[in-house]
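The block underneath contains the structure these notes are about, expressed in structure tokens.
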Amino acid sequence: MDDVAAWFLALYKATGIKLTIFYDGYDRGRFVEGLITTVKLSAYCLAGSLVLGALVAMLQGARTAAVRRAASAFVELFRNTPPLVQLYFFYFALGPLLPRAGGAPLLGSFGWAVISLTLLETAFAAEIYRAGIEAVPREMVEAAASLGFSRPQIYRQVVLPLALRATLPAMTNNLVNLVKTTTLAYAIAVPELVYMSAQIWSEQVNVPEMMVVLLVCYVAMVGAINQFMQWLEARLRVPGFGQ
Amino acid sequence: MRATPPSPAALICQMRRGGLSQRERRQNQPLSLGKRGRGEGAALFSTRTGVALAIVFVASIAVAQIRTQPASASVLELLVKWTPLLATGFLFNLLISFFAMVVGTASGLLLAFARISPRRSLSGTSWIVVQFFRNAPWLVLLFFVMYLLPFQFRLGSVTIPFPDWIKATLGLALPIMANVAEIVRGAVQSIPTAQWDAARSLAFSRRQTLWKIILPQCVKRMLPPWMNWYAILTMATTLASIVGVSEVMTITLRITNAEGRTDLLIPIYSYVLLWFFLYCYPISRWTRRLEARYGQR
């Protein structure tokens, strides 16, 4: 670690390329904290949207027409309005309505970012789930029924395993987009990667270097997600289905 | 059985990342068999959602109206008062989206030609470019362009100013470029290779084959995802407010600061949301219709 720091310090002295995050402990701490916040934000939103998305997808197939329409309206609303405006709406318009707990707001910018991005991702996840369930051939369901499976059994043992596999490619895209969308939280001062980098570059005046570091970080994160999901897809593949 | 329109999953892939990659295409087509028909009933949702948003908007005004002190202006009056300013901001957003789309499409086409070039070095380089700009967050690209491009150019003795909104447009055009390149590549590759061979046996050059035979067939396949990207881009133009361009979000923030009234917040934000929804939703529906129509043959 010391060698790396010394090397980057020498690089700065020799060429003027100022990568403070590698040799300045304070900057490195901030940068790592930003990275952790980004990962945390993505993880919370992912978990929330997977659960809520399944719920909304279920509501979209409900028996009552009103429930179905409400669920569809929710999906269309979040998909056809700018995510940034949604974020501002939650943070600036709904935020002040919350009661304050002992001086501090009940929900900080991080909390609102989680809520806003989760709802956005829920809208996308719901569509993906619905498509996945519709993608299971009807003949499979009929075949299972003719073999004496009950409805819950058909869902649990035939439809869902196939549907979840069918959703994986779309889910990969969704996850990549989620990570990219967390950068919006910068706008409401969530201390995530972009925010921390902006603080570093405005203090150290090393904008180009930090920009490159930022881009490399995001591309690396997205690449890792892609690799993992491809591995998962290959791992879960059912021979002869969907190919 | 008649060919089914592309499954919603395919649609989402396109919505979010542009054209389908080969892998997605393969995965989605055989799976769209058990699809439920979604025809006339779907049209209801458009009005319903718009109505729901309008209800939120009107209700928030009504609530604010009741709570207003008699002496001060009502929220509705304030909204009417600021509507012209908001409209100019919104038009500015649309302007940015038009320019970004034009620049992105033109450069995306060039990139796609490089991508499908038989020369390995060219197609490899353009693959890296495409992957990079597709996978980098829009906001980071925007920052990149904003900070790294100069605010004016000097050509000899003439100084050409380079205002921030043009830089924002270029920044937004970059991801569009990469995604348009993917759309074009996907469409070109979806044309059977037999057509290339046939054209070659009729002594067409590569360029002639591409321009006169392949691309005209691709237009139909490219149009729906291209429109999707336009809708996404329009929504993304609000990002320009973060880097200091005075578009509709910046103006909204300024208005709320100037008025300093908490009861104005929900109405004004849902007002802006409603505008974007009214602009983007028809595009989205139209895209789905085109997709369904072209998918049938």
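No value in this document is a laboratory result; all are computed from the given coordinates. Source: prediction; values computed, not measured. Methodologically, a virtual Cβ is constructed for each residue, glycine included, from the backbone with ideal geometry; neighbour enumeration extends over all protein chains shown.
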inquiry  = How large is the convex hull of the C-alpha atoms of segment A:42-116 per residue, in Å³?
reply    = 114 Å³
key: Within 10 Å of each Cβ in B:128-140, the average number of Cβ atoms from other chains   = 6
ask   = Expressed as a fraction of 2.2 N^0.38 Å, the rule-of-thumb size for a compact globular protein of N residues, what is the C-alpha radius of gyration of chain A?
value = 1.27
message = Longer than 28 Å from Cα to Cα, which of A:LYS40/B:LYS167; A:LYS18/B:LYS167; A:LYS18/A:LYS180 are they? Say none if no pair is.
response = A:LYS40/B:LYS167
inquiry  = What translational diffusion coefficient, to the nearest whole µm²/s, does segment B:223-276 have by Stokes-Einstein, given a Kirkwood radius computed over alpha-carbon pairs, a temperature of 25 °C and 0.890 mPa s viscosity?
reply    = 197 µm²/s
remark   = For A:LYS13, counting only aspartates and glutamates whose alpha-carbon sits under 16 Å away and dropping same-chain residues fewer than eight positions off, the answer is A:ASP3, A:ASP24, A:GLU209
query = For segment B:44-295, what value does the Rg/Rh ratio take when both radii are computed over Cα atoms and Rh is the Kirkwood radius, given to two decimals?
reply = 1.09
request  = Mind checking which lysines have their Cα closer than 21 Å to the Cα of B:LYS220? Skip sequence neighbours fewer than 8 apart in that chain.
outcome  = B:LYS212
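Using only Cα atoms, what is the ratio of the radius of gyration of the protein assembly as shown to 2.2 N^0.38 Å?
Working it through for the protein assembly as shown, the quotient is 1.04.
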